[in-house]
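The values are calculated or read from the model by the stated rules, or taken from the named source; none is laboratory data. Computed from a predicted structure; not experimentally measured. Here the Cβ is made from the backbone with ideal geometry for all residues, glycine too, and neighbour counts use every protein chain on show. Calculation scope for accessible area: heavy atoms of the full protein, side chains included, ligands and nucleic acids excluded. Shrake-Rupley method; radii C 1.70, N 1.55, O 1.52, S 1.80 Å.
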Amino acid sequence: MTKLHQYTLATEAPIEAAVYYEWLLGLQPRDAPGAALAELGVGVGTPPAPGAVGWSPVFLVRSVDEAILRASAEGPVEHLVSGSGGAARHLVCVRDSAWTVLQEFSSVGEHEPSAYWHANCDYSTPDPTQATRYLGALLGLDHHAIIGDPYHMRFLHGDRMIATGILRMHGVSAYPKRPHWLVYFEVGDLVTAVARAVDSGSRIRIPRSRSPFNDFAVLSDPWGSLFGFSTMTPSTAVGPIPTLGGDGTVCDLRDVVDIHPPHSSDEFTLPGPSHETV
């Protein structure tokens, strides 16, 4: 089993970025910058390798060695280790400085916070087919692709839980073509969240848009890292989502994953936009 667990942001300005995101998400500051984010399972630090900036998900796996062995069948694996012993985190380069983080279930404490309840993620890449094979092997997960989706969206999943989406974002003006991760924070009011971000120095990359089960927007923060906001569509308003599975069978996505996991009720409630300095 593999599970989406936490997120990390690698930036050359970790203290400033931590303060910014805590303010942006309406979190109560703690004694040190980043402490309030850490309580949600979100970490901020310096890049683990040259050029390795931006958001990355942290996945829990049973065995890092087995995960890397599976991925090596799809190509070379660039692998770094952060920390030591049972608390070690393993950074794996998916492609072109887009990293993901693996951690073993056995290293996680019973009360360690999980960002799964507050956010979801996508991997944007020019080659979603290759990325699906590689990440699917690394994480040991099945996939289903939405039939007819303009961005070739597919989901890696296991135990009825979506681990990540994979897509090819094309035809969007000024949108980066390099592979990268996107983390979407769940909010109750998408319009307010986007206005608050823009008002404080973030830039809109993709304005409010709609998928079969949520409304979302993508922005870049003041240091250039991409992130997003998401508001889930009520379950009663979500219709059939035809998908093609990795085994070639067609089914409704709702039959294989829970579209509305528990985190959809744990939204950030944000103050309105303000011209205060953060």
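Using a 1.4 Å probe, what is the accessible area per residue for the chain, in Å²?
Dividing the accessible area of the chain by its residue count gives 45 Å².
At 1.4 Å probe size, what's the solvent-accessible area of TYR116? Round to the nearest 10 Å².
About 10 Å², rounded to the nearest 10.
May I ask you to derive the FRET efficiency for ARG30 and TRP117 from their Cβ-Cβ distance with R0 = 22 Å, giving the value to the nearest 0.05?
Details: r = 19 Å, r/R0 = 0.87.
In this case the efficiency is close to 0.70.
From largest accessible area down, sort ILE162, ILE259, ILE147; use a 1.4 Å probe on the protein chains.
ILE147, ILE162, ILE259
For Rg and Dmax of the Cα atoms in Å, several values are listed as [x] 26.9, 87; [y] 17.8, 53; [z] 21.9, 76; flag the one computed from this structure.
The value matching this structure is [y].
Using only protein heavy atoms and a 1.4 Å probe, report how much of ILE68 is accessible, in Å² to the nearest 10.
Spelled out: ILE68, probe radius 1.4 Å, area about 30 Å².
Modelling each spin label as a point 7 Å along the Cα-to-Cβ direction, I'd like the GLU74/ALA88 distance in nm, to one decimal.
2.3
Each residue of segment 101-107 in turn: what ³J(HN,Hα) in whole Hz from Karplus with 6.51, -1.76, 1.60 and θ = phi - 60°, glycine and Pro shown as x?
10, 10, 9, 7, 3, 5, 8
GNM, the chain, Cα, under 10 Å: largest mean-square fluctuation among SER230, SER107, SER56?
Residue with maximal mean-square fluctuation among SER230, SER107, SER56: SER107.
Considering only THR233, ILE204, THR249, whose Cα is most displaced toward the positive end of the charge dipole of segment 197-249, charges sitting on Cβ of Lys, Arg (+1) and Asp, Glu (-1)?
It is ILE204.
Let me know the charge dipole size of segment 104-228 about its Cα centre in debye, to the nearest 20, where only the beta-carbon of Lys, Arg (+1) and Asp, Glu (-1) is charged.
The calculated dipole for segment 104-228 is roughly 620 debye.
Using 0.36 nm per residue of separation minus the Cα-Cα distance, give me the extension gain between ASP255 and ALA195 in nm, one decimal.
Additional length available on full extension: 18.0 nm.
Would you mind pulling out the separation of the Cα centroids of segment 113-164 and segment 193-231, in Å?
Segment 113-164 and segment 193-231 have Cα centres spaced 20 Å from each other.
Report, for the chain, the % of DSSP beta bridges that are antiparallel, rounded to 5.
Bridges in the chain that DSSP calls antiparallel: roughly 75 percent.
Let me know the charge dipole size of the chain about its Cα centre in debye, to the nearest 20, where only the beta-carbon of Lys, Arg (+1) and Asp, Glu (-1) is charged.
Dipole of the chain, to the nearest 20 debye: 660 debye.
Rank TRP181, TRP23, TRP117 by accessible area, highest first, at a 1.4 Å probe radius?
Greatest to least solvent exposure: TRP117, TRP23, TRP181.
How large is the accessible surface of GLU12 in square angstrom, using a 1.4 angstrom probe and rounding to the nearest 10?
Ignoring ligands and nucleic acids, GLU12 comes out at about 150 Å².
Find the relative contact order for the chain and round it to a whole percent, using C-alpha pairs within less than 8 Å whose residues are 6+ positions apart.
19
In whole percent, how big is the carbon plus sulfur part of the accessible area of segment 1-153, probe 1.4 Å, protein atoms only?
53
Evaluate E = 1/(1 + (r/R0)^6) for ARG210 and THR129, where r is the Cβ-Cβ distance and R0 equals 22 Å; express this FRET efficiency to the nearest 0.05.
0.30
Would you work out which of PHE213, GLY188, MET169 lies farthest towards the positive end of the dipole of segment 169-262? Charges go on Cβ: Lys and Arg +1, Asp and Glu -1.
The listed residue farthest towards the positive side: MET169.
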